[in-house]
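So the structure is just underneath, and the comments pick up after that.
The values are calculated or read from the model by the stated rules, or taken from the named source; none is laboratory data. All figures in this text were calculated on a predicted structure; none of them were measured in a lab. Glycine gets a Cβ as well: all are built from the backbone with ideal geometry, and neighbour counts include every protein chain shown. Protein only, heavy atoms only, side chains kept; ligands, DNA and RNA dropped before computing areas. Shrake-Rupley method; radii C 1.70, N 1.55, O 1.52, S 1.80 Å.
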Amino acid sequence: MQLLENRVAIISGGTGALGRAVAEYFLESGAKVAIPYVVDAEVPLLKKSVGDRGSDSQLLLKRADVGDESQVAAFVKDAVGKFGKLDILVNLVGGFWGGKSIADTSVAEWQAMFDLNLKPTFLCCRAAIPAMTKNGYGRIVSVSSRSGLTGAGYFAAYAVAKGAIATFTSSLAEEVLPENIIVNAIAPSTIDTEANRASMPKAKHETWVKPEDIARTVGYLCSENCRVTSGAVVPVYGRA
């Protein structure tokens, strides 16, 4: 039996670099996958990545802004309508900004990090939990970050927003554990993507973690094998 056989998963940010690796791994592991997207140019990259596994019977792709309450609710309804249930939610949507001290950071810049990171995680979880509760089963994985656990000078808005996801994870985990819904987060550092290599050409790329390796950890946390770990933030930064 495959690790995620017959499971239905929503992967926000599923068309991004990490999202494509997670989507490919989930489809290979037997899951049916629903992905909301807003960047049209990323869709062909996803389809190329998943290949024949991305058939209409296995993959739902639909434009939806996961920072918008009504669009999130509609997407979850569509995913459940197509596949009959919802077992898994992976929150990969987020954004990065920094380079200023706290004293120089505007209110708009501060708020933007919460709107890009914490808000979509909250909205997607809130919309998904009723469907999971109905099933008596659920797995949720969100993305904090290494700096979210330690803090980071000149990147405070980003670090605090990602740290808030860690606190959100432990809070939600406590609420829904009685419903057999397991909630965890991962904490990456710099991920080995083409965009990151281009922006940091002199960095030690060989120490960066590949999206495919992170996808394996996410897959385990979303599987039935993960039964007693909930509310954790799992480091996935290796030697980075």
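Brief remarks on what is shown
- Along the chain, counting only trypsin sites (Lys or Arg not before Pro) with a DSSP assignment other than H, G, I, E or B and at most 15 other Cβ atoms inside a 10 Å radius, the longest segment between sites is 101-201.
- Solvent-accessible area per residue in segment 1-113 equals 48 Å², computed with a 1.4 angstrom probe and all protein chains kept.
- Stretch gain in nm, segment E212-K47, where the contour uses 0.36 nm per residue and the Cα spacing is subtracted: 57.8 nm
- Of all the options V93, V50, V38, the one that moves most in a Gaussian network model of the chain with Cα springs shorter than 10 angstrom is V38.
- Calculated FRET value between K85 and K202, using beta carbons and R₀ = 45 Å, to 0.05: 0.40
- Relative to the dominant Cα principal axis of the chain, helix 107-116 is inclined by about 30°.
- Between D65 and N180, full extension at 0.36 nm per residue minus the direct alpha carbon distance yields a gain of 38.6 nm.
- Estimated at 0.36 nm per residue, the fully extended path between A195 and M1 surpasses their Cα-Cα distance by 66.3 nm.
- With all protein chains modelled, accessible area of D56 [1.4 Å, Å²]: 120 Å²
- Fraction of accessible area attributable to carbon and sulfur, the chain (%, probe 1.4 Å): 53 percent
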